[in-house]
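To start, the structure itself, in structure tokens.
The values are calculated or read from the model by the stated rules, or taken from the named source; none is laboratory data. What you see is a predicted model, and the numbers here were worked out from it, not measured in a lab. A quick note on method: Cβ atoms are made from the backbone with ideal geometry, for glycine too, and the neighbour counts reach across all protein chains shown.
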There are 2 protein chains.
Amino acid sequence: MLSRTEHKFGCEDCEFKKMSCLYVEPDSFEEFRQQSIKLSFSKGETIFKQGGKSGGLLFLHEGIVKFCYQYDSGSNYIMTIVRGPKLLGGANLFFKSVNIFSITAMEDSRVCMLDSAAFMKLAIGNPAYLLALVENTMDMFQDAIFNFISLAHNHVNGRIATILLYLHKNVYNGQGYSFTVSRKEIAEFAACSHENVINTLSRFRKEGIIEFHGKEIEIINIELLEEISRKG
Amino acid sequence: MLSRTEHKFGCEDCEFKKMSCLYVEPDSFEEFRQQSIKLSFSKGETIFKQGGKSGGLLFLHEGIVKFCYQYDSGSNYIMTIVRGPKLLGGANLFFKSVNIFSITAMEDSRVCMLDSAAFMKLAIGNPAYLLALVENTMDMFQDAIFNFISLAHNHVNGRIATILLYLHKNVYNGQGYSFTVSRKEIAEFAACSHENVINTLSRFRKEGIIEFHGKEIEIINIELLEEISRKG
DNA sequence: ATTAAAAGCTGAAATATTTCATGTTATCAA
DNA sequence: TTGATAACATGAAATATTTCAGCTTTTAAT
């Protein structure tokens, strides 16, 4: 990973810097930043590998990544999908020496790998900063937990509805009601077979709830989708 | 909740105090402790109510509690079950003004309700303490996530095996291989019907994996149970 | 441009799961 | 003790889901 070409992108208008400097002195942040590594990943590339040594904290400047658990059988479960700018902390990173999940780029992404030791130093000196970052991480977990709750209670109908709404609201926001995800990825997110996703999406289309052309899915009737998400 | 009778139990040998005093001065802790409320809950009583105003942090001195999500339909999903001594932080409490889950006593329990503002003051003054508590919380989440991962991938066989192992290792530890949980609660934890739990437990018994007399379940062949949990 | 690989699609058979109906056994309070 | 309630148990029918086989379309690489 460290042998990849470093791409230069500006640090001046960095969201992480802006957020951090609400809590820490610019000089302290600059020192921290010096320890971090800027990288670009193409769609499909693995950023962190499940079972590998934890690379510490990671700030996703731009792009979309999935948290993916790989079973021994080879099948995958997507725990959550997030878009930058976002700090990717949590059980996968915070305090854990081994990655529980792989983190894989779903779109071309720019990230900064942050040095754990330097982060700890900064956090210890600025507890309010630490609190803000933990809160940020908890938000990400909460999104994932609501998906689990849908998974535990709903049939595939409801699970897919929940996922489409999540993707629309939290990931592909700011681009109307359409986005592009593969059936296979929806299946790995909803924990069902890809055939079931195909059938369900076709049914949703027949009922006028969504429309799609290839991988591009458009939500037509969001109220109905929300009702299916709630009632199963 | 606050109108309940306060039961006195000693603060001298409190696990939370011991853990806290690794990081903070005894005087600071004592000041914090003064703001907290000691309570006892009987089996079945609700400690925190889903949708209610968050009561801040809670230290479970002794007892067993479940984190329970109640759907509109009235059915429940148990996210996790934990035994004291344990700090119950996490998305349900940390930084959230409304409880996502109910927390209900599964056995008679003794808790301290900690004051959020006093906790923040202590945490800001002792970032290493905050880090330790966050790490503790992340551990609890990790246990819950491994259950989700089993839920997403396994059939009921494997989910129930995973749950029995979790209960044996993390909740009813230190009491051999047997414990007492209702079929209904296992069903709510495994996200399936209680009939399915009954059938599965009977099958496990026929195959010599477990034994049970009423609600008391004993693990006979833990290696086989672990294999089912992984593969099944 | 051609080919290989991956993704999308469909329907039928096999399997898993829930729901329902029914009855038995614990449990708990009056 | 008795009665009410909840939990436990079982089997059959209905439903949901996966698996499989076969096919088309899209995507990516040579």
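Worth a mention:
- Residue within region A:178-197 that is more than 14 Å from every other protein chain (Cβ to nearest Cβ), more than 9 Å from DNA strand C (Cβ to nearest atom), touching a residue at least 24 places away in the same chain (Cβ under 8 Å) and farther than 27 Å from A:Gln70 by Cα present: yes
- Residue selected from region B:147-176 under the condition of a type in the set (Phe, Trp, Tyr) and assigned by TED's automatic domain parsing to the domain that holds B:Leu225, by the criterion nearest to DNA strand D (Cβ to nearest atom): B:Tyr172
- Considering A:Tyr71, A:Tyr129, the condition of being assigned by TED's automatic domain parsing to the domain that holds A:Gln34, farther than 30 Å from A:Ile210 by Cα and free of Cβ contacts under 8 Å to residues at least 12 places away in the same chain is satisfied by A:Tyr71 alone.
- Residue selection: A:Gly84 fails the criterion of being without any contact (Cβ under 8 Å) to a residue 12 or more places away in the chain and away from every other protein chain (no Cβ under 11 Å).
Listed here are the residues, each with its yes/no results for (1) closer than 24 Å to A:Cys192 by Cβ; (2) of a type in the set (S, T, N, Q).
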{"position": "A:Ser109", "(1), (2)": "no, yes"}
{"position": "A:Leu114", "(1), (2)": "no, no"}
{"position": "A:Ile124", "(1), (2)": "no, no"}
{"position": "A:Leu133", "(1), (2)": "no, no"}
{"position": "A:Phe141", "(1), (2)": "yes, no"}
{"position": "A:Ser150", "(1), (2)": "yes, yes"}
{"position": "A:Asn154", "(1), (2)": "yes, yes"}
{"position": "A:Ile160", "(1), (2)": "yes, no"}
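- Of the candidates B:Asn136, B:Asn157, B:Asn147, the single residue that is more than 14 Å from chain A (Cβ to nearest Cβ) and among the polar types (S, T, N, Q) is B:Asn157.
- All positions within region B:34-91 that are over 10 Å from the mean Cα position of the chain (by Cα) and among the aromatic types (Phe, Trp, Tyr): B:Phe41, B:Phe48, B:Phe59, B:Tyr69, B:Tyr71, B:Tyr77
- Of the listed requirements (1) touching a residue at least 40 places away in the same chain (Cβ under 8 Å); (2) of a type in the set (S, T, N, Q); (3) not assigned by TED's automatic domain parsing to the domain that holds B:Lys38, B:Thr137 misses just one: (3).
- For region B:133-145, the criterion of being of a type in the set (A, V, I, L, M), buried (at least 22 other Cβ atoms within 10 Å of the Cβ) and within 16 Å of DNA strand C (Cβ to nearest atom) is satisfied by no residue at all.
- The single condition among (1) within 29 Å of A:Cys68 (Cβ to Cβ); (2) under 14 Å from the mean Cα position of the chain (by Cα) that B:Tyr172 does not satisfy is (1).
- Total residues in region B:56-77 satisfying the condition of being in a strand (DSSP E or B), of a type in the set (Asp, Glu) and farther than 17 Å from B:Asn173 by Cβ: the figure is 0.
- Within region B:213-228, not a single residue is near DNA strand C (Cβ under 8 Å from one of its atoms), acidic (Asp, Glu) and either in a helix (DSSP H, G or I) or at pLDDT 95 or above (or both).
- Looking only at residues in region B:177-214 that are touching a helix residue (DSSP H, G or I) at 6+ places or on another chain (Cβ under 9 Å), over 22 Å from B:Asn76 (Cβ atoms) and among the small types (Gly, Ala, Ser), the one that is surrounded by the most Cβ atoms within 10 Å (Cβ to Cβ) is B:Ser178.
- Residues located in region A:158-176, provided they are among the small types (Gly, Ala, Ser) and crowded, with 17+ Cβ neighbours inside 10 Å: A:Gly158, A:Ala161
- Subset tally (residues that are small (Gly, Ala, Ser) and within 20 Å of A:Ala132 (Cα to Cα)) for region B:130-157: 1
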